[in-house]
Ligand code: ATP
C-alpha cells in the first residue's frame with residue numbers, strides 16, 4: 001500500500017514538531033515556509049524543504065501541492081496568510097486539509113473555507129494540562145465535544161481490589177470504562193467481574209461533570 005505523503009506549511013514551533021514527528025515515523029514530508037532560516041533548520045530532517053510564500057497561487061501550484069494526501073497549514077499569527085493559503089489549497093483540490101487556528105473566529109473562517117479539520121493546539125493542550133493539574137491521578141484528557149471527554153486516570157484507591165461491577169462508575173458517575181492498562185497490556189471492554197489492581201490505568205469516557213468528580217478521588 002502506498003504510504004501517505006504529507007506537506008506542512010509554516011515551520012514555526014508547531015509545524016516543526018508535526019513535520020519532524022511525521023518524518024521520524026518514516027513518512028515523506030514536504031516542509032514549506034517563506035522564511036529561509038526556518039527552511040534551513042528543517043532541511044536535514046524532512047524529504048523536501050522549500051522556501052515559498054504560500055499565498056502566491058502560482059508558486060503553490062508549482063509545488064504540485066494537490067498530489068499530497070494531507071496538507072497541514074500551521075501558519076498561526078498571520079491570519080490572512082493562513083486563510084488565503086487554506087483557500088488556495090482547497091481550490092487546488094487538496095484531498096485533506098488540516099489547519100491550525102489561533103482563536104474561535106479564525107477557526108470558523110477556516111471551516112467555512114473548507115478545511116477538513118481545524119485544530120487549536122494551544123487551547124487543547126491548555127485544557128489537557130489543566131485536567132492533569134487538578135489531580136495527580138489524571139494522565140491524559142481528550143475532549144470529544146464541549147461536554148464529553150475521555151480521561152486516562154490511575155485507578156482510585158477506593159476501587160482497588162474491587163470488581164468493575166462494584167465500582168459505581170456507571171451509576172454514580174455516568175461514566176463508561178473503555179479499557180484497563182495493566183503493566184504493558186491493555187484489556188479493552190473489561191467484563192463486570194474484572195477486579196481492579198493497584199497501578200491499573202483506566203480509560204473512561206463520559207460527561208465532563210462525571211469525569212471531574214472521578215478526578216477528585218484519591
Ligand atoms: P508557532 O506557535 O507554531 O511557533 P505561530 O502560531 O506563532 O507559530 P507563526 O510564527 O505566525 O505562527 O507562523 C508559523 C510559520 O509560518 C513561520 O515560520 C512563518 O514564517 C510561516 N509563514 C507565515 N506566513 C507564511 C506564508 N505566507 N507562506 C509561508 N510560510 C508562512
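The values are calculated or read from the model by the stated rules, or taken from the named source; none is laboratory data. Since the model is a prediction, treat every value here as computed from it, not as a measurement. Cβ atoms come from the backbone with ideal geometry, glycine included; neighbour counts cover every protein chain shown.
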Fill in: Scope the stretch 149-161; condition in contact with a strand residue (DSSP E or B) (Cβ under 8 Å, 6 or more places away or on another chain) and either in the same structural domain as residue 100 (by TED's automatic domain parsing) or surrounded by 14 or more Cβ atoms within 10 Å (Cβ to Cβ) (or both); matching residues
149, 150, 151, 152, 153, 154, 155
Worksheet item: Would you pick out the residues in the stretch 128-148 that are surrounded by 15 or more Cβ atoms within 10 Å (Cβ to Cβ) and either in a loop (DSSP other than H, G, I, E, B) or outside the structural domain of residue 197 (by TED's automatic domain parsing) (or both)?
Response: 135, 137
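With the structure loaded, tell me whether residue 119 is touching a strand residue (DSSP E or B) at 6+ places or on another chain (Cβ under 7 Å) and more than 13 Å from the ligand (Cβ to nearest atom) or whether it fails that test. Lay out the reasoning, then the answer.
Numbers: touching a strand residue (DSSP E or B) at 6+ places or on another chain (Cβ under 7 Å): yes; more than 13 Å from the ligand (Cβ to nearest atom): no.
When the stated conditions are applied, residue 119 does not pass them.
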Worksheet item: Of the residues 72, 29, 46, which is touching a helix residue (DSSP H, G or I) at 6+ places or on another chain (Cβ under 7 Å) and in a loop (DSSP other than H, G, I, E, B)?
Response: 46
Practice prompt. Looking only at the stretch 3-11, decide whether some residue is over 17 Å from the mean Cα position of the chain (by Cα), closer than 21 Å to residue 113 by Cβ, assigned to a loop (DSSP other than H, G, I, E, B) and within 12 Å of the ligand (Cβ to nearest atom).
Written response: yes
Worksheet item: Considering 94, 151, which residue is within 16 Å of the ligand (Cβ to nearest atom) and not in a helix (DSSP H, G or I)?
Response: 94
Worksheet item: Considering only residues of the stretch 188-218 that are touching a strand residue (DSSP E or B) at 6+ places or on another chain (Cβ under 8 Å) and at pLDDT below 90, which is farthest from residue 142 (Cα to Cα)?
Response: 189
Worksheet item: Does at least one position in the stretch 57-71 carry a residue that is within 14 Å of the ligand (Cβ to nearest atom) and closer than 21 Å to residue 121 by Cα?
Response: yes
Worksheet item: Which condition number does residue 86 fail, the rest of (1) under 18 Å from the mean Cα position of the chain (by Cα); (2) crowded, with 19+ Cβ neighbours inside 10 Å; (3) assigned to a helix (DSSP H, G or I) being met?
Response: (1)
